[in-house]
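Student: My questions will all concern the structure given below.
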Amino acid sequence: TDALAVRPAGAAGVRGSMAPAPSPWADEFFAEVEKEEYDAFFTSDGGRAVSSSWAPPPAAADDTPSAAPVAVVPPVPLGAVGSAGDIESEYALLSPARTDSDTVNTTAATAGGRGPGTAMTFSLDGDDDLELDCVQSEYAQDCRPPELPDAPPDFTAEDLRLREVLADFYLRHRAENMANINSITERYRGRAVAQLWVLLASKYRVPPHDIIELLSDTMYVSSPFEYADERLAEITRDSIAELRASMAGSGALDMSEDRAELVRRCLGMPLHADFVSELRFLSFRGLQNCSELRPQVWKLLLGCLPPDRPSEWDALQGEMRSLYAKYKAEVLIVSPEHKFEVRVESGRVMETMHLLQQIQKDVDRTRQDAEHFRRPATRTALTSLLFVYAQTNPELQYIQGMNEVAAVALHVSSTDPENEEADAFWCFTYLMAEIRSGFLQAVTSQADNPPESVASLDRLLQKYDPELSKHLQKHGCPISIFSFRWGTLLFAQDMPLQDVVCLWDSFIADPHRFEFVGHVCLAALLLRREELISTQEQGALATLIRRLPHTVSGDLDGLLRRSWAICALERRPQTPPFPPKSASQVVQDLSGWAASAVHKAQQLGSGVTQKVQQNVAPALKDKVGVASGTAAMAAQGGLQAVKAWFEQDAPIQPQTAAKAQKTAVSLWQTVRTSGVAAVTQTQRLASEYGQGEKLENTAAKLTVAADAAASASSAVLSKLALAFARSSGSDSEGAAAPAVAA
C-alpha cells in the first residue's frame, strides 16, 4: 500500500499539497531531482543532510565521538493527517511508551530554536552496556517435529528401509502420522508396499512418476511382486521361504552372492513341484554371481530342457549338440582357417552366398568392444550358427539385428567353450520363437500393427507420465521410433554386454514373458526425465533418447529397481486404479465400449432387416429397417451426449461426475426404451402380415439385441463409478488402512 506523502506546508521550497505517492516515502526521499529540497528541509543546522543509513558525525576536537543527536525520519502511517510539523507526534503513536529508566531516550531537537517541522532526534546514553529489561511471554510452542518411535526388533532390513522413506514422506506431508509409522510398515510390508504408495498418491496428490521413485526405494525384493496371480505369488513366496531357511546365513535376496547360493541349492536339490517357480523368482532378480549356472537356468526357463526330467538333461543336451552338428554339416563347411563353403542346391548358390556375406559383414562389426568377439574363432562360430538358423527357418531366414541377439546367447554359453556354438544355437532358436514378431515387423513394415513391446511403452508412458509423453510428441520425437529397436533386440545393441545379460535374466524369467521389456524402457525414460523435458530442440532430443540406454547403464541397479516398481504397480490388484484416469482417458474407454456396442447392434439390426425383407411386403422394408436400427442410433446418440461432458484433460471433478452419471442413466433408459419399441414394432408388423411363425426368430433376436444394448449401457455406470471414485473426496487410504488415516 502506498503511503501518503505528508510534508510541512510552510517549509520553504516544499510543496504544501498532500497527494497519494506512487511509491513509498523512501522512493521519494531518494529521488535525485528533489534532493536539494530535502537537504534544505531535513537538516538539523541547515548544513548536514539526513542519510538513510546512520553514520557517525564528525569527531570533536578531542577525537571523542560526538553525542550530537541524529535525525530520523520515520514513514507516515496512512490516515495520519495532522499539522505540517507533527512528525514527532506521529512517530510517538507508533513507538512503545518508555519509562525514565529506559536506556534509549527520545528528545526533541532544540538546537536553533526549531519549531514545528523539526525532525525527531534520539541519542544513546553513555552507559550502553546495561542489559535491557525483557518481558517473556508465558506462552510456548514446541515446533520440533514428532519423534520417530523405535523400530521393533523383528524388523528386517527391507522393513527399516520402508520405515525410513515413510518417515521422510510424512515429515513433508503429515508429520503427526510419524507416531503410526511402525504399524503402517507392518501392515504394508512385502508385496503390499505397492498398494501403500498407490493409496498415499491418491491421498496426497503425488504424481505417478514420483510414486515410482518412492516405490523403487522401498521395493521388497523378497516378495513375489512380479506375479499378478495372488495364488501363484503365495506359492512362490512359501517355496522361497523354505529355500532360504535351508541356508546357514540370512539368504538375503537383495544380495547377489546370497541369490547365487540359492540358485546352486535349487539346482542341486531333488526335483520338486515349485522348482521352476523358484528358478524364475531368483533369475528375475539377477544371476550376477553365478555366471557358470546361467546357461543351465536359461535353458530351463526357455524350454530347451524339460524341468520335470532332470535325469535326462545330459542325454538331451548331447542329442541337441549332435543335431546341430548334423544341420551345420548339411549346409556349411568351415576350414581350420575360418573359411566358409556353402552346400546348397545349384539353383540357390548365388542367393545363399549373398546371405552368407551379409551375415559375415554384420558379425564383423558385432560387439567389437569385447575381446571375446574380436577372436576369429568366435566370429566364425557366430556366423555359422546364424547361417544354420537361416537355412533351417526359411520363412524368416536372417534379418539384420539377429547377430546382436545371437551374440548375447553365444557370450552366455562361452562358459563351456567346447559346446558354446551348439548351445548358443539352441538358446537363440528358442528365444527367436518368442520374439520373432518384431523381426517380421521390421521386414513387412506394418506400421499399423506394432510389436507388443512398442505398444506397451506408448501406453505406459501416457499412463505414468503424460507430461513427458506430450513433450516428446510436441517436439516430433515419438518414443515408438526408438522403442522398436529396444524391444525387438531386447537392448542387445544399445547397452554394454554385461548389462544386457543382467537384463535378460529378468526378461527370460518374467512370468509374463517379455512384458517386462516395456517396464525397463519406461524406467530408462524416467531416469532422465528432467533432462528430456528441459530439451526443446528436436535433434538434441532425438540424440538424447537414442543414447538413453547407454547413459542409464551406469546405474543398472537404479534402472532395475525402477523397472521392478513399474512391474509391481502394473501387476497389483487394480483397486483403486492407478494412476487415476483423466476425463480424456475415460472418453477413450467409453468410445471403445460404444463403438463395440454400436457395431454389434448394427450387425443384429442388419440381420433383422434381412429376415424381414424375405417375409414382408417390399413397401414396409424401409419402415422395418428404421425400427430395427433404433437401438444402434440410440446408443450412438448417447455416446455423443456422454462425450460432451468429458472434453477436458484435467482430473474429473465431482460435479462433472454427477452430470456424467446422470447422462449415462439417460443413455441406458433410452436404449432400453428404444429396444422395446423396436421389438414391439417388429412383432406388430409380423402379426399384421400373418408372418408370426416366420418372424418369430427375428423378433427374438431383436429382443436379445435390445437386452444386450441395455446391459452394455448399464455397464457404463460401473465404469464411471470406478473412474470417478477419487473425485468424491473420500479418504480411500483411511478406508483401507485405519493406521494411515490416523
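The values are calculated or read from the model by the stated rules, or taken from the named source; none is laboratory data. Only a predicted model underlies this, so the values are computations on that prediction, with no experimental measurement involved. Here Cβ is always computed from backbone atoms with ideal geometry, including for glycine, and neighbour counts include all displayed protein chains. Heads up: the accessible areas ignore ligands, DNA and RNA and are worked out on the full protein's heavy atoms, side chains in. Shrake-Rupley method; radii C 1.70, N 1.55, O 1.52, S 1.80 Å.
Student: Step by step: first the residues of the range 361-376, then only those that are assigned to a helix (DSSP H, G or I) and open to solvent by 60 Å² or more (accessible area, probe 1.4 Å), then the one that is nearest to ALA329 (Cα to Cα). Which residue is that?
Tutor: We begin by selecting, within the range 361-376, every residue assigned to a helix (DSSP H, G or I); these are 361-364, 371-374, 376.
Next, only the ones that are open to solvent by 60 Å² or more (accessible area, probe 1.4 Å) stay: 361, 364, 371, 374, 376.
Values: LYS361: 22, ASP364: 23, GLU371: 28, ARG374: 25, PRO376: 20 Å.
Residue satisfying both the conditions and the ranking: PRO376.
Student: Which residue out of LEU323, LEU355, LEU301, LEU287 is aliphatic (A, V, I, L, M) and in a loop (DSSP other than H, G, I, E, B)? Give the derivation first.
Tutor: Numbers: LEU323 fails: in a loop (DSSP other than H, G, I, E, B); LEU355 fails: in a loop (DSSP other than H, G, I, E, B); LEU301 fails: in a loop (DSSP other than H, G, I, E, B).
Selected residue: LEU287, the only one of LEU323, LEU355, LEU301, LEU287 that is aliphatic (A, V, I, L, M) and in a loop (DSSP other than H, G, I, E, B).
Student: Being farther than 18 Å from LEU301 by Cβ and either aliphatic (A, V, I, L, M) or touching a residue at least 12 places away in the same chain (Cβ under 8 Å) (or both) is the filter here, so list the residues in the range 239-248 that pass it. First the steps, then the outcome.
Tutor: In the first step, residues of the range 239-248 are kept if they are farther than 18 Å from LEU301 by Cβ; the result is 241-242, 244-248.
Listed by number, the residues that qualify are ALA241, ARG244, ALA245, SER246, MET247, ALA248.
Residue-wise test of (1) within 19 Å of THR383 (Cα to Cα); (2) open to solvent by less than 30 Å² (accessible area, probe 1.4 Å); (3) within 42 Å of the chain's Cα centre (by Cα).
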| position | (1), (2), (3) |
| --- | --- |
| CYS290 | no, yes, yes |
| PRO295 | no, yes, yes |
| TRP298 | no, yes, yes |
| CYS304 | no, yes, yes |
| ARG309 | no, no, no |
| GLN317 | no, yes, no |
| ALA325 | yes, no, no |
| ALA329 | yes, no, no |
| SER335 | yes, no, no |
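Student: Could you count how many residues in the range 329-364 are over 23 Å from GLY401 (Cα atoms) and in contact with a Leu (Cβ under 8 Å, 6 or more places away or on another chain)?
Tutor: Selection size over the range 329-364: 2.
Student: Now a separate question. Restricting to the range 382-402, what's the tally of residues that are closer than 27 Å to GLU337 by Cβ and open to solvent by 10 Å² or more (accessible area, probe 1.4 Å)? Walk me through how you get there before you give the answer.
Tutor: Residues of the range 382-402 that are closer than 27 Å to GLU337 by Cβ, as a first pass: 382-392, 397-398, 400, 402.
Adding the requirement that they be open to solvent by 10 Å² or more (accessible area, probe 1.4 Å) leaves 391-392, 397-398, 400.
So the answer is 5.
Student: Could you tell me whether the range 264-283 includes any residue that is in a loop (DSSP other than H, G, I, E, B) and crowded, with 19+ Cβ neighbours inside 10 Å? First the steps, then the outcome.
Tutor: Start the filter on the range 264-283 by keeping residues that are in a loop (DSSP other than H, G, I, E, B), which leaves 269-274.
Still in the list and also crowded, with 19+ Cβ neighbours inside 10 Å: none.
The answer is no; no qualifying residue exists.
Student: Filter the range 288-328 down to residues that are among the aliphatic types (A, V, I, L, M), farther than 28 Å from SER506 by Cβ and free of Cβ contacts under 8 Å to residues at least 12 places away in the same chain, then give me how many there are.
Tutor: Step one: list which residues in the range 288-328 are among the aliphatic types (A, V, I, L, M), which gives 293, 297, 300-302, 305, 315-316, 320, 323, 325.
Next, only the ones that are farther than 28 Å from SER506 by Cβ stay: 315, 323, 325.
With free of Cβ contacts under 8 Å to residues at least 12 places away in the same chain added as a condition, the list becomes 315, 323.
Qualifying residue count, the range 288-328: 2.
Student: Looking only at the range 326-345, which residues are of a type in the set (Asp, Glu) and assigned to a helix (DSSP H, G or I)?
Tutor: Step one: list which residues in the range 326-345 are of a type in the set (Asp, Glu), which gives 330, 337, 341, 345.
Hit for the range 326-345 is GLU330, nothing else.
Student: Only residues that are among the aliphatic types (A, V, I, L, M), closer than 21 Å to VAL297 by Cα and either open to solvent by 10 Å² or more (accessible area, probe 1.4 Å) or outside any helix (DSSP H, G or I) (or both): list them for the range 209-238, please. Working first, answer last.
Tutor: As a first pass, look at the range 209-238 and keep what is among the aliphatic types (A, V, I, L, M): 211-212, 214-215, 219, 221, 228, 232-233, 235.
So of that shortlist, the ones also closer than 21 Å to VAL297 by Cα come out as 221, 232-233, 235.
Once the filter is applied, which keeps residues that are among the aliphatic types (A, V, I, L, M), closer than 21 Å to VAL297 by Cα and either open to solvent by 10 Å² or more (accessible area, probe 1.4 Å) or outside any helix (DSSP H, G or I) (or both), the range 209-238 yields VAL221, LEU232, ILE235.
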